Amino acid sequence: MTHVAVSVNGTPREADVEPRTLLVYFLRETLGLTGTNVGCDTSSCGSCTVLLDGESVKSCTLLAAQADGRAVTTIEALASNGDLHPLQEAFHRNHGLQCGYCTPGMLMAAASYLKENPTPTEEDVRESLEGNLCRCTGYQNIVKSILDAAGSMSGAKA
Amino acid sequence: MTTTELYIGAEVLRKEDPELVTGQANFIDNHVLPGMLWMAMVRPPYVHAAVNSIDTSAAKSMPGVVGVYTAADLEVGGLPFVWPITEDIKVPVHYPLTKDRIRFNGDAVAVVVAETREQALDAAENVTADVTELPAVTTMEAAMADDAPLIHEELGSNITVHWSHGGAGDQGIFDTAPVVVQEHYHQPRLIPNAIEPRGCLASSIRSMGEFTLWTSTQIPHIAKVTLSGVCGIPEEKLRVIAPDVGGGFGSKLNVYAEEALALVLSRETGRPVKWIEERSENYVATTHGRGVTHDCTLAGTPEGKILGLKFVEIADLGAYYQLLTPGIPELGGWVYMGPYAPETYWFEFRGVLTNASPTDAYRGAGRPEATYVLERLVDAYARKIGKDPAEVRRMNFHPPFDVATTSICGLNVDSGNYEPALDRALELADYQQFRKEQQSRRDGSDIRQIGIGLSTYIEMCGLAPSNILGALRYAAGGWDAATIRCLPTGKVVVATGTSPHGQGHETTWSQIVADGLGVTPDDITVLHGDTQVTPLGMDTYGSRSLSVGGVALHFAMEKIKEKARTIAAHELEVSEDDLEYADNAFRVKGAPDKARTIPELALSAWHAHDLPAGTEPNLDATAVYDPPNFTWPSGTHICVVEVDTQTGATDILRYVAVDDCGTVINPMIVEGQVHGGVAQGIAEALYEEAIYDESGNLTTSSMTQYLIPGATEIPNMTLDRTVTPSTTNPLGVKGIGEAGTIASPPAVINAVVDAVSHLGVTDVGKPASPERVWRAIRDAKGGAA
């Protein structure tokens, strides 16, 4: 067993896990944070996207042990103090989700991307979603949601 | 009875979203029970093999393993197949664990249960099967050969079903017409790829003989009745729950081996048993779609009048039948005339078994297959006679009608008005402008050529009138049900027989009921997907939910209002005839301030202190609605592409969809359905294809090889609507879940072909990958690239 200590959503968490335990199963099964979904076994779909030290990663691609000593943020912590994140609001407002299975990954990928590029073009947003697949929406309203959120976030800062 | 429409037609934001955007949804893999075991399937790496023996001893001794079972160890029946479409169809036996023969990549010979997910998977890898490999056939052509190895020897042939629609009109026209167009089209197998894989959790109370199955399914109700038989569980002792379901697209319109095995293993072990599909399993063990070829003939005049349409199809059924398998091509059989009015018609198909995953419903289910070949054929005809494909379509449209009219295929079409959608789509697509641009680039021999593709379609939804399903030899009916319960606090609980998995029924159903009962959508809770909570229902598939389940709401509200009117008349001391329903209340005619709202009457009915004689307490009602007819959406899709004639690469410049789904309850949700449907159709046209190698192994066996398009591959779409209300139901609704996937593949392929047709290309194959397009151009030029 490997001892893993990770800051998850701002709280120190630790556990002994099998060395082969993937970060996503550490989050889902050891810590009970089931908001992060698993959609494939090839790091293709991006449903499992979380933030590692603030940057988006596919949590099925990392071992839990690789997150040792680092900070992970999951969908459960995207809203703060009961207020939805502007991206969550925008996905709701623009019908950016249907079945919702890819949505946590989309939101975390977009949250990471908007920190890098707060004023993206539509093309930028589409390219930023390269690692996230959605089967329901045809992406149109996801892209619209992220652009809408970018607008409201930069507006809030201004 | 007047109803004030406040919410129907409005873009009400979805009630489903808050839990989904915050990670609080309850997908199947989030379910955990005390003492829960994990199940893993043993699928040996063979395509076609006789199983001599299975060695489970090593697996049984591994850490955490509770049991390893083969078919001989379990009492479980064959999996359900409910659509024997002809009297003489050959039906293969399909057990959850195969007994002596592996017939495709996904066939399982054993199942492991262990304490953890990893222990179950580890042990499954250590079950070995001693087999004698057999020659495999994964193409229909190979499977139909005289000396082909038989997939199921007891059936005597791999060709198991022949269904003919029968002809209408003068069949001689296909020889004698002044213009005869003959084409052969192939549509490859597709892998549905709901982003949530399948999964289930079974739990039992053995002393009571009671079972609960949570499963990622579109059809909890059908699963309950069929699994009851498969597993030997009395139906009333089996509860099936579809939790939040992460997409289906037809692939979860099925009853699978793993659901049956989890149930019997929960009985066997006395502990809850959970199984979650890995994506690699999903590619072989979940149903595929399409996989058909068509020989097509169009008889017409030189002026552009379509006289006759004839389609002879071969459908790849796979190694077994799943729930509906051979019924899928039959479903297409009713729409091969499209929105046109030919005088002569023929359709038939043969179903062929192969050593590949079973095919079954995939978004559109039969109708995309039909629409693809019809719309390709119409374009081929237009090219042959040198006419504009838009005008050929226009001159062949069935004239507008708002009284149900029998089509040449034999079913009644509820209503139709096809030209306005064509006109609007041509306008939105800047059709004439792009034609000019196309000519200019052709004249200039540009490397990048413009192509414009049209698809004018109709489809049928609202599956289905039960008597027609019976006539078609389908085992169940096509009705659906709703229960509406008005609570004393003015709130409303709706229980529906449909089972959504992304379509937003909670929101749409709330809009309908809010308008009908004079409350707000927020006052309403919609329950679904739990066989112990909802009325008996028929679930969600075939774009049926609104046009059947949604209409059941209307009839349940009629019952509620009838009772409410009686109570209102009693309280207001007038006769019922003196009341009218206006502005969300029963009002005394001439004295509208004397009024009772439904929530007020719900409270009266609940405390029941002063009800009229013979009136039962409480204000609730259940209605079961069996549609008298199908509903028939229609529309025009136009795709404009730019094809690089040197590389074969296609870029979509514009995509326009003008759909007519009758009355629209929530335009935002309707547009979302079209976006997603078109995206899946574009994927089908340009990217996706299940490929088997010569020995029958699926080579596109993961998301890294099977090209699901991302956000950079799918364009923004321009949408609009026409509204031709259905005459089938009082809401006037038709259905929109599948329209995008039905209409879009031929629009895209027609555009690609159109871009290079001046080079002599008449087909590019599907999907139109750069390589295929490049080869088509090279071949048209006589082999010189």
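On the principal axes of its alpha-carbon atoms, the stretch B:32-76 has extents of 39, 23, 21 Å, going from largest to smallest. Kirkwood-type hydrodynamic radius, chain B: 27.7 Å, calculated from all non-identical alpha-carbon pairs. With contacts taken as Cα pairs under 8 Å at a separation of at least 6 residues, the stretch B:672-785 carries a relative contact order of 34 percent. A compact globular protein would have a Cα radius of gyration near 2.2 N^0.38 Å; the ratio found for the stretch A:7-57 is 1.14. Evaluating kT/(6 pi eta Rh) at 4 °C and 1.567 mPa s, with the Kirkwood radius of the stretch B:293-397 over Cα pairs in the Stokes-Einstein relation, gives 89 µm² s⁻¹.
Each Lys and Arg Cβ is given +1 and each Asp and Glu Cβ -1; about its Cα centre, the stretch B:27-180 then shows a dipole of about 400 debye. Compared with the rule-of-thumb size 2.2 N^0.38 Å for a compact globular protein, the stretch B:121-178 has a Cα radius of gyration ratio of 2.07. Residue-normalised convex hull volume from the C-alpha trace of the stretch B:173-327: 144 Å³ per residue. A full extension of the chain between B:Ile205 and B:Asp55 corresponds to an added length of 50.9 nm, given 0.36 nm per residue minus the alpha carbon distance. Each of B:Val753, B:Tyr7, B:Ile708 was placed along the dipole of the protein assembly as shown (beta-carbon charges, centred on the mean Cα), and the one lying farthest toward the positive end is B:Val753. Inter-label distance, B:Arg435 to B:Asp88: 5.0 nm, where each label sits 7 Å from its Cα along the C-beta direction. So, in Å, what gap is there between the alpha-carbon centers of the stretch B:491-568 and the stretch B:350-372? Computed from Cα coordinates, the inter-centre distance equals 32 Å.
Estimated from the Cβ-Cβ distance and a Förster radius of 51 angstrom, the FRET efficiency linking A:Met1 and A:Asn81 is about 0.90.
Between the alpha-carbon centers of the stretch B:383-446 and the stretch B:215-235, tell me the distance in whole angstrom. Cα centres, the stretch B:383-446 to the stretch B:215-235: 45 Å.
Would you mind checking B:Lys436/B:Lys781; B:Lys274/B:Lys734; B:Lys274/B:Lys766; B:Lys491/B:Lys589; B:Lys384/B:Lys734 for any pair whose Cα atoms are more than 30 angstrom apart? Check vs 30 Å cut-off fails for B:Lys274/B:Lys734; B:Lys274/B:Lys766; B:Lys384/B:Lys734. The helix-only estimate of mean residue ellipticity at 222 nm for chain B, built from DSSP H runs of length n ≥ 4 each weighted as -39500 (n - 2.57), is -8000 deg cm²/dmol after division by the residue total.
In terms of surrounding Cβ atoms within a 10 Å radius of their Cβ, B:Tyr95, B:Tyr692, B:Tyr541 rank from fewest to most as B:Tyr95, B:Tyr692, B:Tyr541.
Taking the alpha carbon gyration tensor of the stretch B:79-196, multiplying each eigenvalue by 5 and rooting it gives semi-axes of 41, 18, 16 Å, largest first. Normalised by the number of residues in the stretch B:517-622, the mean separation of alpha-carbon contacts (under 8 Å, six or more apart) gives a relative contact order of 25 percent.
Separation of the stretch B:641-720 and the stretch B:276-292, taken as the distance between their Cα centroids, equals 19 angstrom. For B:Ala145 and B:Gln171, a Förster radius of 25 Å and the Cβ-Cβ distance give a FRET efficiency of 0.30, rounded to the nearest 0.05. Counting only the Cα atoms, the stretch B:667-752 fills a convex hull of 152 Å³ per residue. Rounded to the nearest 20, the size of the Cβ-charge dipole of the protein assembly as shown about its Cα centre is 220 debye, with Lys and Arg at +1 and Asp and Glu at -1.
Under 23 Å from the Cα of A:Lys115, which lysines turn up, not counting those fewer than eight places away in the same chain? Within reach: A:Lys58, A:Lys144, A:Lys157. Here the residues A:Leu129, B:Leu731, B:Leu155, ranked from fewest to most Cβ neighbours within 10 Å of their Cβ, fall in the order B:Leu155, B:Leu731, A:Leu129. Annotation: extensible slack from B:Lys99 through B:Glu303 equals 67.4 nm (criterion: 0.36 nm per residue apart, minus Cα-Cα distance). Compared with the rule-of-thumb size 2.2 N^0.38 Å for a compact globular protein, the stretch B:596-708 has a Cα radius of gyration ratio of 2.00. As a footprinting exposure proxy, order B:Ser415, B:Ser164 by other Cβ within 10 Å, with the fewest listed first. Sorted ascending by nearby Cβ count, the order is B:Ser164, B:Ser415. Placing a pseudo-label 7 Å from each Cα along the Cα-to-Cβ vector at A:Glu18 and B:Ala471 gives an inter-label distance of 5.7 nm. Debye sum, Cα scatterers, the stretch B:442-591, no solvent: what log₁₀ I/I(0) at q = 0.15 1/Å? For the requested q values the scattering log ratios are -0.85.
The fraction of all Cα pairs in the stretch A:1-89 landing in successive 10 Å bins from 0 to the largest distance is 18, 53, 25, 4, 0, given as whole percents. Short-range pairs are left out: with C-alpha atoms under 8 Å and at least six residues apart, the relative contact order of chain B is 15 percent.
Considering only B:Gly516, B:Val494, B:Gly470, and ranking their Cα positions along the charge dipole of the stretch B:463-524 that arises from unit charges at the beta-carbon of Lys, Arg, Asp and Glu, the one farthest toward the positive end is B:Gly470. The Cβ shell under 10 Å around B:Ile28 holds other residues with a net charge of -2, Lys and Arg each +1, Asp and Glu each -1. Candidates B:Ala621, B:Ala582, B:Thr139 compared by Cα position along the dipole of chain B: farthest toward the positive end lies B:Thr139, with charges placed on Cβ. With 0.36 nm allotted per residue and the present C-alpha distance subtracted, the B:Glu391-B:Val403 stretch has 1.8 nm of extension available. Temperature 10 °C, viscosity 1.306 mPa s: under these conditions the Stokes-Einstein estimate for the protein assembly as shown, based on its Kirkwood radius over C-alpha pairs, is 55 µm² per second.
For B:Lys99, the lysines whose Cα comes closer than 21 Å to its Cα, not counting residues fewer than 8 places off in the same chain, are B:Lys60, B:Lys90.
Within chain B, the longest segment free of exposed loop sites, counting GluC sites (Glu not before Pro) that fall outside DSSP classes H, G, I, E and B and have at most 10 other Cβ atoms within 10 Å, spans B:88-572.
We did not get these values from a lab; they are worked out from the coordinates using the rules stated. No experiment lies behind these values; they were computed from the predicted model shown. Here Cβ is always computed from backbone atoms with ideal geometry, including for glycine, and neighbour counts include all displayed protein chains.
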